[in-house]
Each structure stands twice: as structure tokens, then as C-alpha cells.
Amino acid sequence: LKEAAQTVGIKDNIGTHSLRKTWGYHAWKNGFNPALIMETLIHSNLAVTKRYLGIRQDDINDLYGQLNL
């Protein structure tokens, strides 16, 4: 993965953990059930998952705002 990242000009440290975290973040941003994301990432609670993915209250508010409830 590191070699592939370097080939396309990515200078950051990329590994399997980067892919795991990116998958979780995009699943969250696309509105998948947070409980399923938490379980998939094998976290003990939702607070751990939010901290791990860097989800902030603004992101959560945007999600609810888009639901048009």
C-alpha cells in the first residue's frame, strides 16, 4: 500500500489501518447505521467510534438536517 500511495504522489504514511479508518468515516458520512459501523470496527461503544473516526457535533447535525424530519 505504501508503494502504491507513493506512486500516485501521496506522501502520507498509508497502511491497512488508514483504509479501515477511511472506510468507517465514509460509511458514517453516507448515513449507514452507526451501531453497525461500531460493531464492524469492534468498538465497545459509539463514543469510541465517533472519536476514532473524528466525527464532530457539526457532522452529526448535518446528518440529521439532511433527513428533513
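Things worth noting here:
- ILE55, sole failed condition from (1) surrounded by 13 or more Cβ atoms within 10 Å (Cβ to Cβ); (2) within 10 Å of the chain's Cα centre (by Cα); (3) assigned to a helix (DSSP H, G or I): (3)
- Unmet criterion (only one of (1) loosely packed, with under 13 Cβ neighbours inside 10 Å; (2) at pLDDT below 90) for ILE60: (1)
- If the condition is being in a loop (DSSP other than H, G, I, E, B), without any contact (Cβ under 8 Å) to a residue 24 or more places away in the chain and of a type in the set (Gly, Ala, Ser), then segment 14-35 contributes only GLY15.
- Selected residue (only one of LYS21, LYS11 is surrounded by 12 or more Cβ atoms within 10 Å (Cβ to Cβ) and out of contact with any Lys or Arg (no Cβ under 7 Å at 6 or more places or on another chain)): LYS21
- Checked against (1) surrounded by 12 or more Cβ atoms within 10 Å (Cβ to Cβ); (2) not in a loop (DSSP other than H, G, I, E, B), GLU3 meets all criteria but (1).
- Of the residues in segment 36-49, none is surrounded by 14 or more Cβ atoms within 10 Å (Cβ to Cβ), modelled with pLDDT under 95 and either among the β-branched types (Val, Ile, Thr) or in a helix (DSSP H, G or I) (or both).
The values are calculated or read from the model by the stated rules, or taken from the named source; none is laboratory data. Computed from a predicted model, the values in this text were never measured in an experiment. Note that we place each Cβ from the backbone using ideal geometry, even for glycine, and neighbour counts take in every protein chain shown.
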